[in-house]
Amino acid sequence: MSNADAETVAALDFVREEWLAFGNRLAEFTAAADKEDKCLLLPLTAANLVLSMNSAEGFEAARRYVARAKAMTSGANARELAWLAATEAWIAGETPIAQQILEDLVAQWPRDLLAAKIGQLHAFGQGDAEGILRIGKRIVTANADNHYVWAMHAFGLEECNRLDEAEAAARKAIAMDRRDPWAHHAIAHCLEARGKMVEGVGFLTEMSDTWERCNSFMYTHLWWHLALFLIDLDRTDEALQLHDRRVWGVCKEFSEDQINAVSLLARLELRGVDVGERWADVATYLKPRLHEHFSPFLDLHYLYGLARAGEASAVTEMLASLEDRAERAKPFEREAWADCAVPAAHGLAAHAKGDHAEAARLLGQAMPHLKPIGGSIAQRGLFGAIHLDALVRADWNDAAMAILQADERERPAVAATKRALAGLYRKVGRTEQAQAAEYQAEQLARQYRAAQGPTTGRAA
């Protein structure tokens, strides 16, 4: 660091720890960055922090921080100038450039863990699982004693479907520090991918006492993961309680909290739960976002939430705005916006109003292009679930059956999948297979009930 006194170093150490811990005290760092007039790393770190909030206000604040940082470049070193270039690329919407700068930076300075974390964030936003893993590999050798690094590495492994290695890395992180929420998150992904719902509920409930110090995103997202396990265990009443008590209401203005709520309500509805008037409350906070378009992944959640709330004029306005954004897409993002987001958004709107054949058609166009919109495998699973529901309701039986059979192979312990298959088998006259699937579903349901312990009462 250049031009850094002891107070500056302490502030950077603080933000590094708090960011990697997904802590709830980051506002204390921005207060320190606002006063700094010598070391450009403080305003640059603050710029990246507010950029990660996915808001127009955040981008405007980031531009101010960068302008201040540029006034401090006298004597700046190569690492600091790389930070500046990466931050400017992010503001300009040149995400691949920002990611590459940070990957190169981490290759040279592998103990710059904030650069690694933000580089992974850029890769995540583009659905670049290999990029997340690449960055994790770069830092793990130089930081073998750091639990945050093992958790970061674990998430890249999980998104590349290397589940055994991912879980081992995450458990190594927890052995170093039980409180690491990103390690909890990586294990939740591994267990969800395998359909180990009982184990998932037990693990997350056991760790939940450590989440009170987390920021709203990490707090609500970990409870969201627990709710997904409960839904797959047919305990939808408990999952709905988690929505009300843990997932929605911590920071309703934050994009990540909003998409957790949208995703959870949608998944509950797909399992036949009446969520009442909850959509209306969420939609109140989605309506200001019609023209933001920071991420197609976020936009699709916003659009579906508005559609389920019956906000027809807002949906129409957002669809038109989204089409305009797709027309302006840069070459590297064209697939995400034009090939995926536009047909998917129209398909989600169609599903929300009950036009299932149109939803099946449009979502079917988008599904092959889903990965580049960003998000995790588990999060993008929402759109696949809505597509499957549309196929079933539109009587596109062969396509629906192929998806369900693949789901059953990957996660054979989910009773709801077997029930859905049984329904399709009956539709097409395959009575014996329907009976077998129904029997298997009932056996699994009995196992779920037998395994239900007292811990989730504490969770809910």
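Given R0 = 45 Å, the distance between the Cβ atoms of Q365 and V275 translates into a calculated FRET efficiency of 0.95. Note on region 270-325 and region 112-149: Cα centroid distance 31 Å, given to the nearest whole angstrom. Relative contact order of region 1-122: 22 percent, from C-alpha pairs under 8 Å at least 6 residues apart in sequence.
Rounded to the nearest 10 degrees, the inclination of helix 197-207 to the longest alpha-carbon principal axis of the chain is 30 degrees. For region 116-183, averaging the sequence separation of C-alpha pairs within contact (under 8 Å, six or more residues apart) and dividing by the residue count gives a relative contact order of 28 percent. Here the sum of -39500 (n - 2.57) over DSSP H runs of 4 or more residues, divided by the residues of the chain, equals -22500 deg cm²/dmol at 222 nm, to the nearest 500. Distance between the modelled labels on E7 and D34, one decimal in nanometres: 1.5 nm (7 Å Cα→Cβ projection). A convex hull fitted around the alpha carbon atoms of region 1-57 yields 79 Å³ per residue.
For region 374-391, putting each phi into the Karplus relation 6.51 cos²θ - 1.76 cosθ + 1.60 with θ = phi - 60° gives couplings of x, x, 8, 4, 5, 5, 5, x, 4, 5, x, 5, 5, 4, 4, 4, 5, 4 Hz, in residue order, rounded to whole numbers and with x for Gly and Pro. Toward the positive end of the charge dipole of the chain, with +1 on the Cβ of Lys and Arg and -1 on the Cβ of Asp and Glu, the farthest Cα among A437, L363, L424 is that of A437.
Between the C-alpha center of region 176-191 and that of region 1-27 there is a gap of 23 Å.
Under a 5 Å amide H cut-off, with hydrogens placed 1.01 Å from N, G127 pairs with G374, G375 among residues at least 5 apart or on other chains.
The fraction of all Cα pairs in region 101-239 landing in successive 5 Å bins from 0 to the largest distance is 2, 11, 19, 22, 20, 14, 7, 3, 1, 0, 0, given as whole percents.
Backbone geometry of region 208-219 corresponds, through the Karplus equation with coefficients 6.51, -1.76 and 1.60 at θ = phi - 60°, to 3J(HN,Hα) couplings of 5, 5, 8, 8, 5, 8, 7, 5, 5, 4, 5, 4 Hz, x marking Gly and Pro.
Legend: residue pairs K252/K287; K196/K418; K371/K418; K38/K70, Cα-Cα distance threshold 18 Å; pairs beyond threshold, K371/K418. In terms of overall dimensions, region 38-148 has a Cα radius of gyration and Dmax of 13.6, 38 angstrom. Each residue of region 325-460 gets 137 Å³ once the volume of the Cα convex hull is shared out per residue.
Counting pairwise Cα distances across region 3-96, what percent come out greater than 24 angstrom?
Working: 611 of 4371 pairs.
For region 3-96, the share of Cα pairs beyond 24 Å comes to 14 percent.
Inter-label distance, L81 to R245: 5.6 nm, where each label sits 7 Å from its Cα along the C-beta direction.
Taking all Cα pairs closer than 8 Å and separated by 6 or more residues, the relative contact order of the chain comes to 11 percent. For region 257-265, putting each phi into the Karplus relation 6.51 cos²θ - 1.76 cosθ + 1.60 with θ = phi - 60° gives couplings of 5, 5, 6, 4, 5, 4, 4, 5, 4 Hz, in residue order, rounded to whole numbers and with x for Gly and Pro. Paramagnetic label reach from W109 (point 7 Å along Cα→Cβ; backbone nitrogen cut-off under 18 Å): within region 8-34, residues 8-20, 33.
Within straight-line reach of K172, meaning a Cα separation under 13 Å, sit the following aspartates and glutamates at least 8 residues removed in sequence or on another chain: D145, D164, D180. Overall size of region 254-357 from C-alpha positions, given as principal axis extents largest first: 42, 33, 22 Å. Charge dipole (Cα centre; +1 on Lys/Arg Cβ, -1 on Asp/Glu Cβ; no other charges) of the chain amounts to roughly 560 debye.
Which of P331, L303, M176 sits farthest toward the positive end of the charge dipole of the chain, with +1 on the Cβ of Lys and Arg and -1 on the Cβ of Asp and Glu? Checking the options against the dipole of the chain, the answer is M176.
Where a number appears in this text, it was derived from the coordinates with a stated rule and is not lab data. These figures come from a predicted structure and were not determined experimentally. When we count neighbours, we look across all protein chains shown, and the Cβ atoms used for this are built from the backbone with ideal geometry, even at glycine.
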